[in-house]
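> One structure follows; several queries about it will come next.
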Amino acid sequence: MLRAMARALLEPVAAGQTRFRMQGLTPDARGIAVGREALVVFQSLDRLVSFLGAYSVEASLDVLLPSMTLERGRATVGGGVVLLLRCEAADGYALDRLSRLAGAARSQLYAGAGSVFVRYRESAAPFGYDLAASLAELLAEVRGGAGPDPSRGTGLTVDEVAVVDHDFASIYRSAERIDPISLIQRLELRQRPLPLTGLASDPELAGLRDMALVLVAPGIAERVLAYLWRKEVPMAGVRVTLSEDRRPSLLLRLRQPRGRLLDVLRPIPGVELLVPVSPRAAVEVGYVHPIHLASASSCLPGDEMYLFRGRAGRVERIDGAPRFVDGRYLVQTEVHLREAEFEVDPVEMRDAGQLRIDLRLQPSSRVREPRATLVPWAQIEYLRRLIYLIPPSALAAARMVPLRDGLMVLSGGGRRGDGRTLSAGTVLPLGQRFAEVAPGVLIPDGQELWPRLRPQLVRELLNLEGDDYAVFLAPGSDPIHIADEQLLALDAAVVGTLETQEAALVEPSLPALEPGSVSNERLGRFALWGFRSQQDS
Amino acid sequence: MSNLPAHEPDASSGDSSDAGQRRLGPVSAPPMATLPGFLARFVVPLLGGPGVGGDGHWVEVHAPMSATDREAMLASKGSGALLSSEFSTLRTRAAQRLVAEPHLPDPNVDELSLWLGLHGVLALDHPDISRVWTRSKTWQRVETETRALLAFARPRAMDEALARHLAVGAFLELRRVDHIVATPDGELRYRGQAPPRRRFSLFGADPVDVRSESVRWIERPHRAAVQRLLPDVMWVSPLTALLAPGWAPPGWSPLMAATFLRSRPYARAVCHTWAREREWVRLGGIVAGSLLRTLELVAEVFADKPGPGVPGVVAAMRRDAGEGSSDEGAPETGEAGEAGEPEEGARLALPAPKVEFDRHDVGAVLGALIHLHLIKVLEFDARISIGLSARDWAVQTFLALPLLLSRLEPVLGSPLDELALADESFARRWEEYREHLAGLVPRTVVENLVATLVQRVVQRHPQ
């Protein structure tokens, strides 16, 4: 694979050196010898994966991937297979990072361009290395005299790469090209231990605290859905067809799930909990992808969503971003119509005319909160003054209608039955008060409808619709009907048109401070006549 | 009063109206020779700019004034103007641009002398000097008198120093509108003046040939007398020299104003003023270099003996560039010029006084400089600004300071304690920045600084 040399093949670059023996090397801003590209030689695949994983944690793989190529190389001399990673790196800082990470993955970084690369800088040579002899001679020695004539150039073919280190040089021939994206997608997940006491004991719920995806096998989807529905878990879901399944599986999204629930779901066969690691990727809980997927969105092309399943050892691609549907529409509901279990004889109907009675008002001692008041026109001046005292909530809810007997002030809010609003009828100590015996049915205070019918029935008997009112003004009189559109808002009715005046805008009194500006006033011919300094006096 | 240039404002106003251009000064203000007039025409526009007191409120420069004029001002009727509430408010607002709650003493005779001295400096740079019929000896007396007006002892308290900074800091910020008239003979520059009407004769230059240019007064070339006086101006206000170390006088040391760096509001103001500068690395280099020179460590840290000055100071840069005093763009040939001025005029400024300091002062200066690095890292501005152009010893000292942080921490503390907790990425950027600096600064410099400069701070610190 490589050929060791008796003499040093490289020499350190001196500070300020601008000319190099190797073509393609140039000094960067700090004087470090760099080329257009960087080459990392990995002895095995696991080192490459370690490198990519470390890089994705520290920086974004999206920056590296567009210019990155990955090849399986075979040494021309001695055999041996290595993995060659090439990428653009014309900057000393980027190369420093690559070198550091390659060192961590027990591999070596080389700088150069085209087909020749030399060792990158290290502590012994802070400005990098240059070739100690011409490249053609070196390569001739590598090939052991065989191969093309050194005087006719390097003799490297298009798919060959020469790597020169301190004491050896080697030539690799590209055997196979590997797509880095498909490599990353095919990587096996690594297991990550989960808390023995269950997910609930982990404050972060193993990454599921904010959102959890649950992939449910088709056979148990309905039962899991029913369970979650019973537990009133807020969820959304979508049915997705996985590559080898005939029936669609169920993918559920649970926002901020409870830890206890996750502990119940996780051991169920056919249920997989997935941790969303990026908007388009999720990894099964208990596993971790070797690459930090959040920084490698270009590894996942298209709009598909990727589910990395650890136990199944598969990567599922879901066409398009999943459009989750609210859980209530996923639950299967069974509607049964009850059948009559036995037959009954029809009742013989008769006319009930003799039972008809009138609805009357009778005095009552029952205390009710007044909902309206009828202010006689003679007392309208008092009302005008008392309006100032009505609390704002009561005033906002109050409505009025002018009747022949007086002005009826109805309080809103009371019809809702919440009892929290203080009604205007309570506040106004004027006129005849009315209480509400049924929704929209008002009777004078101290009276009661007789017989005591259900409130809803009273409303139906009076043909009330919507927010209409029926008012019994006095015992013995027929009720009057007030339609909703006849009611006016009290606050709007009592206040006339308001006229606004244009606001007088005032400039800020203090102008901003700025640097002064010199004005050289014109000096006369006798400007210094009579100038007296202290010495003169 | 009759022998004072009290007649000048009247004469000048006549000339200006004759020029047919806009009126530059407030018409209603009293004459310049009176205290209210001097305040309204010079001091208020100097401190507040043209916006204060209405548009067109310019810093008027008339004939130079002396201590005799000062006595006359104080003896006149309007001397109470110094203590007026409007003026007091203006001073407070000007001071609030630096610190939120300034404490200022009432203006006194010394401050009036300082304003008169600044006016004298501007008057000595007046383009009409050559028109004045007088002997050159008189101009030397004017210069001596201006220097006497600017002779101050070191401020006794911080409020006094702040009051001086108000005037001197505003003086450094002064601007000037030059009018450049294009004529067939070339361009004529009228410095801070409207071109005279005779330039616009019937067939002469069209007003469209006149363009205006706003320049910063201090950055333009000056007459030799003014250049000799500028160090005196800067000695008056140690706070201004600290805020603008590029204009610091020869022999200046940041330890002279270390008191301000030991006060939290002032230290914050100073650091952020430095950070606003585009050339913050050069400024940091000046401060760090001046500190090293004061402590006499330059030869010790940098084995060879560097030159006498601190690189980066404007005076030194101009000296290196071969720029001397200049009478730039004299309106007409032969109108201006001081042929008799000794160019080698040397420095007539007083030599730098002996600085008394303790290790806390040195620590405060180092802490402020390190904080400057930190601010720039926070602003994502650090790496962009540090190029390879400035490689002098002063800048290297400045760039080495964050690398000394671990040694200085026992005394100065760590800047990352609270910040790093709130922002982990910031802590990482700060470490990356320090690694970047470690690649720029030679290791020997860092080690020498640890052995010398750091010892001045932590030497007697109880372990």
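The values are calculated or read from the model by the stated rules, or taken from the named source; none is laboratory data. This structure is a prediction, so every number in the text was calculated from the model and none was measured. Please note: Cβ atoms are built from the backbone with ideal geometry, for glycine as well, and neighbour counts cover all protein chains shown.
> Test A:GLU514 against the stated conditions and say whether it is within 14 Å of another protein chain (Cβ to nearest Cβ), on the phi < 0 side of the Ramachandran plot, among the acidic types (Asp, Glu) and not in a strand (DSSP E or B).
yes
> Moving to a separate point now. Just checking, does segment B:254-277 include any residue being in contact with a Phe, Trp or Tyr (Cβ under 9 Å, 6 or more places away or on another chain), surrounded by fewer than 24 Cβ atoms within 10 Å (Cβ to Cβ), polar (S, T, N, Q) and in contact (Cβ under 8 Å) with a residue 12 or more places away in the chain?
For segment B:254-277, residues in contact with a Phe, Trp or Tyr (Cβ under 9 Å, 6 or more places away or on another chain), surrounded by fewer than 24 Cβ atoms within 10 Å (Cβ to Cβ), polar (S, T, N, Q) and in contact (Cβ under 8 Å) with a residue 12 or more places away in the chain: present.
> Would a scan of segment B:118-140 turn up a residue that is of a type in the set (Lys, Arg), surrounded by fewer than 17 Cβ atoms within 10 Å (Cβ to Cβ) and part of a loop (DSSP other than H, G, I, E, B)?
Yes.
> Is there any pair with a first residue in segment B:349-365 that is more than 11 Å from B:LEU291 (Cα to Cα) and a second that is modelled with pLDDT under 70 and polar (S, T, N, Q) whose Cβ atoms are under 9 Å apart and which are 6 or more apart or on different chains, and what are they?
Final answer for the pair search is B:ARG359/B:GLN459.
> I'd like to check something: does segment A:482-503 contain any residue that is at pLDDT 85 or above and in contact with a Leu (Cβ under 8 Å, 6 or more places away or on another chain)?
yes
> While we're here: Here is a list of conditions, (1) within 14 Å of chain A (Cβ to nearest Cβ); (2) without any contact (Cβ under 8 Å) to a residue 40 or more places away in the chain, and B:GLY80 meets all of them except one; can you say which number that is?
For B:GLY80, the failing item is (1).
> Please state which one of A:ARG280, A:ARG266, A:ARG258 is under 16 Å from A:ALA206 (Cβ atoms), within 20 Å of the chain's Cα centre (by Cα) and of a type in the set (Lys, Arg).
Numbers: A:ARG280 fails: under 16 Å from A:ALA206 (Cβ atoms); A:ARG266 fails: within 20 Å of the chain's Cα centre (by Cα).
It is A:ARG258.
> Considering only segment A:81-94, state which residues are buried (at least 16 other Cβ atoms within 10 Å of the Cβ), more than 34 Å from the chain's Cα centre (by Cα) and farther than 16 Å from A:VAL116 by Cβ.
Residues satisfying the conditions are A:VAL82, A:LEU83, A:LEU85, A:GLY92.
> Determine which single condition B:PHE357 fails, assuming it passes every other condition in (1) under 30 Å from B:ARG156 (Cβ atoms); (2) assigned to a helix (DSSP H, G or I); (3) modelled with pLDDT under 85.
Looking at each condition in turn, B:PHE357 falls short on (2).
> So, one more: Examine segment B:244-255 for a residue that is more than 16 Å from the chain's Cα centre (by Cα) and of a type outside the set (Asp, Glu), and state whether such a residue exists.
yes
> Just to be sure, is B:SER88 part of a helix (DSSP H, G or I), small (Gly, Ala, Ser), away from chain A (no Cβ under 13 Å) and within 22 Å of B:ALA161 (Cβ to Cβ)?
On the way: part of a helix (DSSP H, G or I): yes; small (Gly, Ala, Ser): yes; away from chain A (no Cβ under 13 Å): yes; within 22 Å of B:ALA161 (Cβ to Cβ): yes.
Answer is yes for this residue.
> Restricting attention to segment A:228-246, which residues are touching a helix residue (DSSP H, G or I) at 6+ places or on another chain (Cβ under 9 Å) and exposed (fewer than 12 other Cβ atoms within 10 Å of the Cβ)?
A:ARG246
> Contact list please: Cβ distance under 9 Å, first residue in segment A:45-56 and without any contact (Cβ under 8 Å) to a residue 40 or more places away in the chain, second residue part of a helix (DSSP H, G or I), pairs at least six apart or on different chains.
A:LEU45/A:LEU183
> List every residue pair whose Cβ atoms sit under 8 Å apart, with the two residues 6 or more apart in sequence or on different chains, where the first one lies in segment B:57-71 and is within 8 Å of chain A (Cβ to nearest Cβ) and buried (at least 24 other Cβ atoms within 10 Å of the Cβ) and the second, anywhere, is acidic (Asp, Glu) and part of a loop (DSSP other than H, G, I, E, B).
Going by the 8 Å Cβ cut-off, the qualifying pairs are B:GLU60/A:GLU521; B:VAL61/A:GLU521; B:HIS62/A:GLU521.
> Is at least one residue of segment A:130-138 at pLDDT 80 or above, crowded, with 16+ Cβ neighbours inside 10 Å, under 52 Å from the mean Cα position of the chain (by Cα) and not in a strand (DSSP E or B)?
no
> Here is a further query. Name the single residue that is surrounded by the most Cβ atoms within 10 Å (Cβ to Cβ) among those in segment B:91-107 being in a helix (DSSP H, G or I) and facing chain A (nearest Cβ under 7 Å).
In this case the residue turns out to be B:ALA94.
> What strands (runs of 3 or more DSSP E), lying completely within segment A:146-224, carry at least 2 residues that are over 20 Å from A:PRO269 (Cβ atoms) and modelled with pLDDT of 85 or more?
Numbers: elements: A:160-164, A:168-178, A:211-216.
Once the strands (runs of 3 or more DSSP E) in segment A:146-224 are filtered for at least 2 residues that are over 20 Å from A:PRO269 (Cβ atoms) and modelled with pLDDT of 85 or more, what remains is A:160-164, A:168-178.
> Which residue is modelled with the highest pLDDT, if the candidates are limited to segment B:39-56 and must be within 7 Å of chain A (Cβ to nearest Cβ) and more than 18 Å from the chain's Cα centre (by Cα)?
So the residue we want is B:PRO50.
> Does B:LEU122 meet the test of being touching a residue at least 40 places away in the same chain (Cβ under 8 Å) and at the interface with another protein chain (Cβ under 7 Å from one of its Cβ atoms)?
For B:LEU122, the condition - touching a residue at least 40 places away in the same chain (Cβ under 8 Å) and at the interface with another protein chain (Cβ under 7 Å from one of its Cβ atoms) - is met.
> Further question: So in segment B:141-156, with the set limited to residues that are surrounded by fewer than 16 Cβ atoms within 10 Å (Cβ to Cβ) and within 20 Å of the chain's Cα centre (by Cα), which one is nearest to the other protein chains (Cβ to nearest Cβ)?
Among them, the one singled out is B:ALA151.
> Among the residues of segment B:157-171, write down those that are within 14 Å of another protein chain (Cβ to nearest Cβ) and among the small types (Gly, Ala, Ser).
Matches in segment B:157-171: B:ALA167, B:GLY169, B:ALA170.
> List the number of the failed condition for B:GLU60; all other conditions in (1) at pLDDT 90 or above; (2) in a loop (DSSP other than H, G, I, E, B); (3) of a type outside the set (A, V, I, L, M, F, W, C) hold.
(2)
> Here's another thing I want to ask about it. Given the conditions (1) modelled with pLDDT of 90 or more; (2) within 14 Å of chain B (Cβ to nearest Cβ), report the number of the one that A:ALA102 does not fulfil.
Just one mismatch for A:ALA102, condition (2).
> Right, another one. Picking from B:VAL52, B:VAL109, which residue would you name as being within 26 Å of B:PHE260 (Cα to Cα) and free of Cβ contacts under 8 Å to residues at least 60 places away in the same chain? Talk me through it step by step, then tell me what you get.
Numbers: B:VAL52 fails: within 26 Å of B:PHE260 (Cα to Cα).
Going through B:VAL52, B:VAL109 in turn, the sole match is B:VAL109.
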